[in-house]
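S.K.: One structure, pasted below without further comment.
The values are calculated or read from the model by the stated rules, or taken from the named source; none is laboratory data. Since this is a predicted model, take the numbers as computed values, not measurements. Heads up, the Cβs are rebuilt from the backbone with ideal geometry, glycines too, and the neighbour counts pull from every protein chain shown. We work out accessible area using only protein heavy atoms, side chains counted, and drop any ligands, DNA or RNA first. Shrake-Rupley method; radii C 1.70, N 1.55, O 1.52, S 1.80 Å.
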2 protein chains.
Amino acid sequence: MTVPVFGQIDPPQRLLMGPGPVNVHPRVLRAMSADMLGQFDPEMTTYMNETMQLYREVFMTRNRWTFLIDGTARAGIEAALVSLLQPGMTVLIVRAGRFGLLLSEIAERIGADIRTIDLEWGEVASLDTIEAAFREHKPRVFACIHGDTSTTTAQPLEGLGDLCRKYDVLSYVDATATLGGMPVDVDGCGLDIVTAGLQKCMGGPPGSSPVTISDRAAEHIFSRRHVEKGIRGADAEDGYGTRISSNYFDLAMVMDYWSERRLNHHTEATTMLYGARECGRIMLEEGLKNRFNRHRAAGAAMTAGLRALGLEVYGHDAYRMTNVTGVWIPGGVNGEAVRRRMREDFEIEIGTAFGPLAGRIWRIGAMGYNAMKHKVLLTLGALESVLAAEGYATPRGAGVDAALVVWNQVLPEALKD
Amino acid sequence: MTVPVFGQIDPPQRLLMGPGPVNVHPRVLRAMSADMLGQFDPEMTTYMNETMQLYREVFMTRNRWTFLIDGTARAGIEAALVSLLQPGMTVLIVRAGRFGLLLSEIAERIGADIRTIDLEWGEVASLDTIEAAFREHKPRVFACIHGDTSTTTAQPLEGLGDLCRKYDVLSYVDATATLGGMPVDVDGCGLDIVTAGLQKCMGGPPGSSPVTISDRAAEHIFSRRHVEKGIRGADAEDGYGTRISSNYFDLAMVMDYWSERRLNHHTEATTMLYGARECGRIMLEEGLKNRFNRHRAAGAAMTAGLRALGLEVYGHDAYRMTNVTGVWIPGGVNGEAVRRRMREDFEIEIGTAFGPLAGRIWRIGAMGYNAMKHKVLLTLGALESVLAAEGYATPRGAGVDAALVVWNQVLPEALKD
């Protein structure tokens, strides 16, 4: 066999203004270059405990069970659903975009009894709609997406916890695209399980999924605990419930691993743990309020800039995610040609779309380390030039000017209140 | 809430001579500090394709389907089993250590019809034993562990492929602990699916699982393909088989993502991909034969050194893994006290054990970047000192001397043949 040995890793220095992954904060990459520790060395378990504490703050919760799942954001979703649901159990899912569909895809494979609130892509479910569906379907679990990047829309979460408790429903929320950028107020909203990723507003790389679990959800999951034979001690405590259908995603075992019991499960992805810990540290140093305002400024400036270029922004202003903005591709413009020029001439990436929105909108992100004034301005300036080159006349300079006004004047004024 | 912001990542510079994770090659950590790319940017897909090609060499195969699963080694195991097996399908599993038990644990959760070859921990199954079990149980799938770190024993794989084809069985082998250290000759042995990790002999961090899949196994898996609704195009091709019960571990979808179709599934863990690619590059630069010999030297020197200290090495010489060595804890010695002194006085980690071997053997690794002469010698020297401090009399200096002789003289002579 021939032996190809390719050159060393050397990616172009590209500005990633798509729906994620985005550029990683350099401090996170530096933290990830530290060498390994033994899995149960005291320094390692200390880092694990510190990460739990940092993510309690990030998730705005006191939940004891706040830790990492070793996989991408999608791994977190599956771990939550497979640990909550069992075959035949009724789950109510809001489907208003690609990731709502993903929730039901995963629940189908588990064999759950799936009921849905089906909305047009980009719409949100009101509390009244959800309550009516609770009455009709009597679900054990409710699941929805907080910010669905496929539609750039954020489902409001306020009041969900009270409603779920009234009907004895456990809630699951995917906050992959919002954690670290918009408030994910787990205790304030009374959410039971929330999972996320690092590669959006947290400013980290994909590959680790933070999760937080309420005590009542943990109790439900522990009722399904079955300790592995190979590590079974005299103190093995099995639950009475149906065994969880995945080993890797069995949150009862993962919690045993992250607890003082330290029952061996997987080998913790040390480098990703270092990265997740640094993402959390950076967020807490910045302060949650400052961070949410920075994302809000970036989203407002981007939206104003796009409109000043004569483009139509997708979706409802009232439910817009702050960190990723959808914009209709103007008639006669080839969306992919624009994306290619953005990348080849300016080394800036903007996003395409999925499903019914494929080829119809671009998705432009400004999140994590990229939710910064200069990055928004550079993107708008480049887009203006590329649109002109593709034959779409824009008022030259208007996008950047409008964004600057919003960032420097309009938003600071609004935030005073 | 109070906001704890802990100090920056700063692990001690510890020599990790346990069963893994071990110290990562510094080049791998440097490669992992590169910034992100967009998921479908041409440079990213090029890195993905290069990684596939590198791991074909690492796995000694021409399998088209050779790629990474985003999770720890255990994620690779579950992805393989859940994509091969369905409820009621018969699987034959060799259980001779902790990880054989893990295979049946995962298969149980899938609902497979499980038949086992149960051996004492540390024994191996002969081809005759396996063939007799094929005749008796008529399995569709055969699964075993190549190197089980819980017993430091390697199951021979030669002849398995021919046997499996004779009985129309698909084989799965977990090579987490051997890939990069001992030959995992996928095509030579005719194996169908092999998965691994980076954190042992590959010299990388945990969190990515290389996998290779034969064409006939891929055909079986594609017969179970169901494309997700949210990304479904007009060309969606669903298979006729039973749907795979996991979304994240659905290898049909993961293959679609790694193929020219690039159907979006998870968001590839970019940093782990960079690391995996660098591990592969380093291995190919060293050369497979040199690398296997280096591990063989490390294992032989460690074994000789331990014996010269008067310790009894665990297991059979004929089936010993080259990269991790089990050694009986001598009577009257507190195994955990020794491990603590090793760590606290010498910053060297050696491993404890699981199940029936817990508290009875230590497991000492020398793999990947740590399969080096000086690291073996430093470990033996430290162990001698620690054993003396714990009241166990050893012939002082004998371990290091014996290991040096093996490394410098005995083994080079043997390798001439």
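S.K.: Of these, B:ARG291, B:ARG341, B:ARG281, B:ARG307, which one is modelled with pLDDT of 95 or more, of a type in the set (D, E, K, R) and open to solvent by less than 10 Å² (accessible area, probe 1.4 Å)? Spell out the reasoning first.
M.R.: Details: B:ARG341 fails: open to solvent by less than 10 Å² (accessible area, probe 1.4 Å); B:ARG281 fails: open to solvent by less than 10 Å² (accessible area, probe 1.4 Å); B:ARG307 fails: open to solvent by less than 10 Å² (accessible area, probe 1.4 Å).
After ruling out the rest, the residue left standing is B:ARG291.
S.K.: Mind telling me which of the residues A:ILE114, A:ILE106 ends up being more than 24 Å from B:ILE9 (Cβ to Cβ), facing chain B (nearest Cβ under 8 Å) and at pLDDT 95 or above?
M.R.: Working: A:ILE114 fails: facing chain B (nearest Cβ under 8 Å).
When all the criteria are applied, what remains is A:ILE106.
S.K.: Taking the criterion of being closer than 20 Å to A:THR152 by Cβ and basic (Lys, Arg), would at least one residue in region A:365-374 satisfy it? Please lay out each step first, then the result.
M.R.: Let us first name the residues in region A:365-374 that are closer than 20 Å to A:THR152 by Cβ, namely A:365-372.
With the extra rule that they be basic (Lys, Arg), the set shrinks to none.
Within region A:365-374, not a single residue is closer than 20 Å to A:THR152 by Cβ and basic (Lys, Arg).
S.K.: Hey, can you tell me all the residues within region B:1-49 that are assigned to a loop (DSSP other than H, G, I, E, B) and among the acidic types (Asp, Glu)? Before you say what the answer is, go through the steps one by one.
M.R.: First pass over region B:1-49, keeping only residues assigned to a loop (DSSP other than H, G, I, E, B): B:1-14, B:18-25, B:32-41.
If the condition is that a residue be assigned to a loop (DSSP other than H, G, I, E, B) and among the acidic types (Asp, Glu), then B:ASP10, B:ASP35, B:ASP41 are the ones that fit.
S.K.: Looking at (1) of a type in the set (S, T, N, Q); (2) touching a strand residue (DSSP E or B) at 6+ places or on another chain (Cβ under 8 Å); (3) surrounded by fewer than 18 Cβ atoms within 10 Å (Cβ to Cβ), can you tell me which one A:THR72 breaks?
M.R.: Just one mismatch for A:THR72, condition (3).
S.K.: Determine, yes or no, whether B:PHE134 is open to solvent by less than 10 Å² (accessible area, probe 1.4 Å) and at pLDDT 95 or above. Reasoning before the result, please.
M.R.: Numbers: open to solvent by less than 10 Å² (accessible area, probe 1.4 Å): yes; at pLDDT 95 or above: yes.
So B:PHE134 passes the test.
S.K.: Residues A:GLY381, A:GLY355, A:GLY332: which one is surrounded by fewer than 19 Cβ atoms within 10 Å (Cβ to Cβ) and free of Cβ contacts under 8 Å to residues at least 60 places away in the same chain? Show your work before the answer.
M.R.: Working: A:GLY355 fails: free of Cβ contacts under 8 Å to residues at least 60 places away in the same chain; A:GLY332 fails: free of Cβ contacts under 8 Å to residues at least 60 places away in the same chain.
On inspection, the qualifying residue turns out to be A:GLY381.
S.K.: With respect to B:MET372, is the statement that it is within 20 Å of B:ASP401 (Cα to Cα), open to solvent by 30 Å² or more (accessible area, probe 1.4 Å) and out of contact with any Gly (no Cβ under 8 Å at 6 or more places or on another chain) true? Quick ask: steps written out before the conclusion?
M.R.: Values: within 20 Å of B:ASP401 (Cα to Cα): yes; open to solvent by 30 Å² or more (accessible area, probe 1.4 Å): yes; out of contact with any Gly (no Cβ under 8 Å at 6 or more places or on another chain): yes.
Here the answer is yes, as B:MET372 does meet what is asked.
S.K.: Then there is this: Go through region B:40-69 and give me each residue that's within 7 Å of another protein chain (Cβ to nearest Cβ) and open to solvent by 10 Å² or more (accessible area, probe 1.4 Å).
M.R.: Answer for region B:40-69, where residues must be within 7 Å of another protein chain (Cβ to nearest Cβ) and open to solvent by 10 Å² or more (accessible area, probe 1.4 Å): B:GLU43, B:GLU50, B:GLN53, B:GLU57.
S.K.: For region A:121-131, enumerate the residues that are over 19 Å from A:PHE99 (Cβ atoms), in contact with a helix residue (DSSP H, G or I) (Cβ under 9 Å, 6 or more places away or on another chain) and either open to solvent by 60 Å² or more (accessible area, probe 1.4 Å) or of a type in the set (A, V, I, L, M, F, W, C) (or both). Steps first, please.
M.R.: Going through region A:121-131, the residues over 19 Å from A:PHE99 (Cβ atoms) turn out to be A:126-128, A:131.
With in contact with a helix residue (DSSP H, G or I) (Cβ under 9 Å, 6 or more places away or on another chain) added as a condition, the list becomes A:127, A:131.
Once the filter is applied, which keeps residues that are over 19 Å from A:PHE99 (Cβ atoms), in contact with a helix residue (DSSP H, G or I) (Cβ under 9 Å, 6 or more places away or on another chain) and either open to solvent by 60 Å² or more (accessible area, probe 1.4 Å) or of a type in the set (A, V, I, L, M, F, W, C) (or both), region A:121-131 yields only A:LEU127.
S.K.: Considering only region B:126-147, I want to know if a residue exists there that is within 21 Å of the chain's Cα centre (by Cα), in contact (Cβ under 8 Å) with a residue 12 or more places away in the chain and at positive phi.
M.R.: No; the residues of region B:126-147 include none that is within 21 Å of the chain's Cα centre (by Cα), in contact (Cβ under 8 Å) with a residue 12 or more places away in the chain and at positive phi.
S.K.: OK, next. Taking the condition of a type outside the set (Val, Ile, Thr), away from chain A (no Cβ under 11 Å) and within 23 Å of B:MET321 (Cβ to Cβ), does B:ARG291 pass?
M.R.: Working: of a type outside the set (Val, Ile, Thr): yes; away from chain A (no Cβ under 11 Å): yes; within 23 Å of B:MET321 (Cβ to Cβ): yes.
In short, yes.
S.K.: Please state which one of A:VAL94, A:VAL28 is more than 7 Å from chain B (Cβ to nearest Cβ), more than 23 Å from B:PRO206 (Cα to Cα) and surrounded by 24 or more Cβ atoms within 10 Å (Cβ to Cβ). Don't jump to the end; show me each part of the working.
M.R.: Values: A:VAL28 fails: more than 23 Å from B:PRO206 (Cα to Cα).
Matching residue, one of A:VAL94, A:VAL28: A:VAL94.
S.K.: Out of everything in region A:12-25 that is at pLDDT 95 or above and of a type outside the set (A, V, I, L, M), what residue ends up being most open to solvent (accessible area, probe 1.4 Å)? Don't jump to the end; show me each part of the working.
M.R.: Of all residues in region A:12-25, those at pLDDT 95 or above come to A:12-19, A:21-25.
With of a type outside the set (A, V, I, L, M) added as a condition, the list becomes A:12-14, A:18-19, A:21, A:23, A:25.
Values: A:PRO12: 36, A:GLN13: 179, A:ARG14: 10, A:GLY18: 0, A:PRO19: 17, A:PRO21: 2, A:ASN23: 13, A:HIS25: 46 Å².
Per the stated criteria, the residue is A:GLN13.
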